[in-house]
């Protein structure tokens, strides 16, 4: 896909962060937008910010953890816009909890949104992308789809799953010689609200001995160095070049290099760093 002009893009998680930045950037390139989120206020704000004279924008309150809602949204998009060319399965949530103590309902909640939401978004829209004759699916994983971090077992699992699913999807589309392609995105530290809005299980603080919420805030300040608009530009550049994988931010690129060089031994470095951090905080 060399141009976004007069295309139709469906973006989940569009009320803030990368989703909002994608909407604004695509609107500036003449792309029509179908936006969804569970945050009605943020969604309206995104629509206002993206509004230009020459494009059509529709919004829908959609919980991507609800399969029927995602399929209904896909049908609504095509009925309203006439077609769809781009799908950005971007919505995501987080939870800090130990693997041993995480509650089943929390694990299911996260997987329904982070992984099944991607699956349902792909399956619901894919027939319409084929019909458009020029389509692209962008599934958002994470730097935690490249390496794992303690207290993020469910999140790690969901993002590794998105990576494996999207890589398989890309190969199947190529086997079909389809006019549709797929890209997996691995953002590093991007200034969004996902960490601040994360659920915190008591087991996280029991394992570390420090405040997980405070630790997350410090990590956000230190690591979230990429602005959403910069992330959006990198993602769209990847779509234009039909890249299989897009690493967003220098930290994502560094993580990829570390895993390639060290293999599973990167885990030792992370454990030692976490122990040193706990010792510094707790004393």
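Mind counting the residues in the stretch 17-43 that are more than 17 Å from residue 138 (Cα to Cα) and outside any helix (DSSP H, G or I)?
The number of residues fulfilling the criteria is 4.
Residue check, residue 26 against (1) touching a helix residue (DSSP H, G or I) at 6+ places or on another chain (Cβ under 6 Å); (2) surrounded by 17 or more Cβ atoms within 10 Å (Cβ to Cβ); (3) in contact (Cβ under 8 Å) with a residue 60 or more places away in the chain, all met but one. Which one?
It is condition (1) that residue 26 fails.
For the stretch 204-283, give me every one of the helices (runs of 4 or more DSSP H) that falls completely inside it and has 2 or more residues that are at pLDDT 85 or above.
On the way: elements: 212-223, 228-240, 250-262, 266-282.
In the stretch 204-283, the matching helices (runs of 4 or more DSSP H) lie at 228-240, 250-262, 266-282.
Hey, can you tell me all the residues within the stretch 255-274 that are touching a residue at least 24 places away in the same chain (Cβ under 8 Å) and in contact with a helix residue (DSSP H, G or I) (Cβ under 9 Å, 6 or more places away or on another chain)?
Keep residues of the stretch 255-274 that are touching a residue at least 24 places away in the same chain (Cβ under 8 Å), which gives 255-256, 258-259, 266-267, 270-271, 274.
Passing the criteria: 255, 256, 258, 259, 266, 274.
Test residue 91 against the criterion of being under 19 Å from the mean Cα position of the chain (by Cα), at pLDDT 95 or above and farther than 19 Å from residue 132 by Cβ, and give yes or no. Let's see the steps before the verdict.
Working: under 19 Å from the mean Cα position of the chain (by Cα): yes; at pLDDT 95 or above: yes; farther than 19 Å from residue 132 by Cβ: yes.
Yes: the conditions hold for residue 91.
For the stretch 80-119, which residues satisfy the criterion of being in a helix (DSSP H, G or I), within 24 Å of residue 168 (Cβ to Cβ) and out of contact with any helix residue (DSSP H, G or I) (no Cβ under 6 Å at 6 or more places or on another chain)? Give the derivation first.
Within the stretch 80-119, the subset in a helix (DSSP H, G or I) is 80-81, 104-119.
Adding the requirement that they be within 24 Å of residue 168 (Cβ to Cβ) leaves 107-108, 110-119.
Across the stretch 80-119, the qualifying residues are 108, 112, 113, 116, 117, 119.
Cβ-Cβ distance below 6 Å, separation of 6 or more or different chains: which pairs start in the stretch 128-140 with a residue that is under 18 Å from residue 241 (Cα atoms) and end on one that is part of a helix (DSSP H, G or I)?
Matching pairs, first to second residue: 135/129; 136/239; 137/122; 139/118; 139/162; 139/166.
The values are calculated or read from the model by the stated rules, or taken from the named source; none is laboratory data. Since the model is a prediction, treat every value here as computed from it, not as a measurement. Cβ coordinates were reconstructed from backbone atoms using ideal geometry, including for glycine residues, and neighbour counts include every protein chain displayed.
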